[in-house]
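The values are calculated or read from the model by the stated rules, or taken from the named source; none is laboratory data. Computed from a predicted model, the values in this text were never measured in an experiment. In this analysis, Cβ positions are derived from the backbone assuming ideal geometry, glycine residues included, and neighbour counts consider all displayed protein chains. SASA here: full protein model, heavy atoms, side chains in, ligands and nucleic acids out. Shrake-Rupley method; radii C 1.70, N 1.55, O 1.52, S 1.80 Å.
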Amino acid sequence: AESADNWQYVNRSVSPFEQLKDNEEVVSKRDAFSKTFVNGSGGYTSVISAVPVHYEKNGQFLIIDPRILHNPSSDFSLANTANIFESYFGTESNTGVKNKSAEGELIEFLNTQMYWEAGGQQKLVRNSSNVQAVSQGDRLYYKNIYGNISAEFTVLPAKRKLNYIIPNKNSLGNIPDSADFLV
């Protein structure tokens, strides 16, 4: 890192990585959380992130790319493989979502259901529909998986998030008066 006497004003509206994009990166100094650049004074400037910016593959640290891309080789036709763990999404929702890491593989999001829980009991169970996957950048949707309710997966560095998009209260159907939770 630069010494205090070389400190300059930093534009906080632009990320540190963006500010240094025109500098030469020293790829051999990469790790999961940092990048190091050659600066104008002949020294180095390292930028350290709170979240991973690289993933390791075959002994090299590569840039994480959260985009979901076409994967024509299987029933998991959309995939994010440039991350800490790989995510493979079924062409249709009933195929599930495959996670692949150094520890192994796991397929999840199979036979999904939505229901109300009242006093520990399931009420008004709805099985998911088998719908086509639609991807947009770092997001994948199984639209209208429960009537008007859609599943949205977002790929992030070192994790994946699942949200259900509920457009309005009517999409939930009849809500039992005794309902404690939507599961």
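Peptide packing: for 42-48, 60-66, the average count of neighbouring Cβ atoms within 10 Å per residue gives the ranking 60-66, 42-48, highest mean first. Would you mind counting up the charge near Ala79? Only other residues with Cβ under 11 Å from its Cβ, with Lys and Arg at +1 and Asp and Glu at -1. Charge balance near Ala79 sits at +2.
Spin-label model, Asn23/Val38: points 7 Å from Cα along the beta carbon direction are separated by 1.3 nm.
Proximity of backbone amide H atoms, modeled 1.01 Å from N, is registered between Asp180 and Glu117, Ala118, Gly119 at under 5 Å, excluding neighbours fewer than 5 places apart on the same chain.
Basic side chains Lys and Arg get +1 at the Cβ, acidic Asp and Glu get -1 at the Cβ, and with that the dipole of the chain about its Cα centre reaches some 380 debye. Helical runs (DSSP H, four residues minimum) scored at -39500 (n - 2.57) apiece and divided by the length of the chain put the mean residue ellipticity at 222 nm at -500 deg cm²/dmol.
The radius of gyration of the Cα set in the chain, together with its Dmax, comes out at 22.0, 69 angstrom.
Solvent-accessible surface of the chain, taken per residue with a 1.4 Å probe and all protein chains present: 62 Å².
Here the accessible area of the chain is 48 percent carbon and sulfur, with a 1.4 angstrom probe and all protein chains present.
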